[in-house]
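Okay, so here's the structure we're looking at.
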Amino acid sequence: MWAVVAFMTGVNTRWFYGGTVFAALFFLTGSIAMSTDKTADSIFEITGSYFGPGVECPQFQMDSGEMISLVNMPGEIEAGATVTLQGDWPMFSKCMQGRTFRVLSLKSEQE
């Protein structure tokens, strides 16, 4: 109910253009559902060579030649090692070089 009041007061004040209306509509429609569960459709497998540390995140060269950043790396990997990674492509990251891949599991080709 207080969201309705915020909406109505937002219409008649200087906050109307400052986002009060959007915040009120958010509360009126309910929260946005965000799931952290990983399904088979959202898990990807990539293969390539571990390149070593980057500016913020470790670097990985995929078999396609694209250099990407890695987050959530389990354990230490020797530079130049060929590995297969399973994970997903997060929408946001602190990494500054290329796309970012969040590692959920790692399989070394030498195993």
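Return the only residue of Ser69, Ser42, Ser64 being more than 12 Å from Ser108 (Cα to Cα) and surrounded by 19 or more Cβ atoms within 10 Å (Cβ to Cβ). It would help to see each step written out before you state the result.
Values: Ser42 fails: surrounded by 19 or more Cβ atoms within 10 Å (Cβ to Cβ); Ser64 fails: surrounded by 19 or more Cβ atoms within 10 Å (Cβ to Cβ).
Going through Ser69, Ser42, Ser64 in turn, just one is more than 12 Å from Ser108 (Cα to Cα) and surrounded by 19 or more Cβ atoms within 10 Å (Cβ to Cβ): Ser69.
Restricting to region 86-111, give me the number of residues that are of a type in the set (Phe, Trp, Tyr) and free of Cβ contacts under 8 Å to residues at least 24 places away in the same chain.
So the count comes out to 1.
Quick one: how many residues across region 72-82 are at negative phi and surrounded by 11 or more Cβ atoms within 10 Å (Cβ to Cβ)?
The initial filter retains those residues of region 72-82 that are at negative phi, namely 73-74, 76-79, 81-82.
Restricting the remaining residues to those that are surrounded by 11 or more Cβ atoms within 10 Å (Cβ to Cβ) gives 73, 77, 79, 81-82.
So the answer is 5.
What residue, of Gly80, Gly75, Gly87, is part of a strand (DSSP E or B) and more than 11 Å from Cys57 (Cβ to Cβ)?
Unique residue meeting the criteria: Gly87.
Every number in this text was worked out from the coordinates using simple rules, so none of it is lab data. Treat the numbers as computed from the prediction; the structure is a model and nothing was measured. A quick note on method: Cβ atoms are made from the backbone with ideal geometry, for glycine too, and the neighbour counts reach across all protein chains shown.
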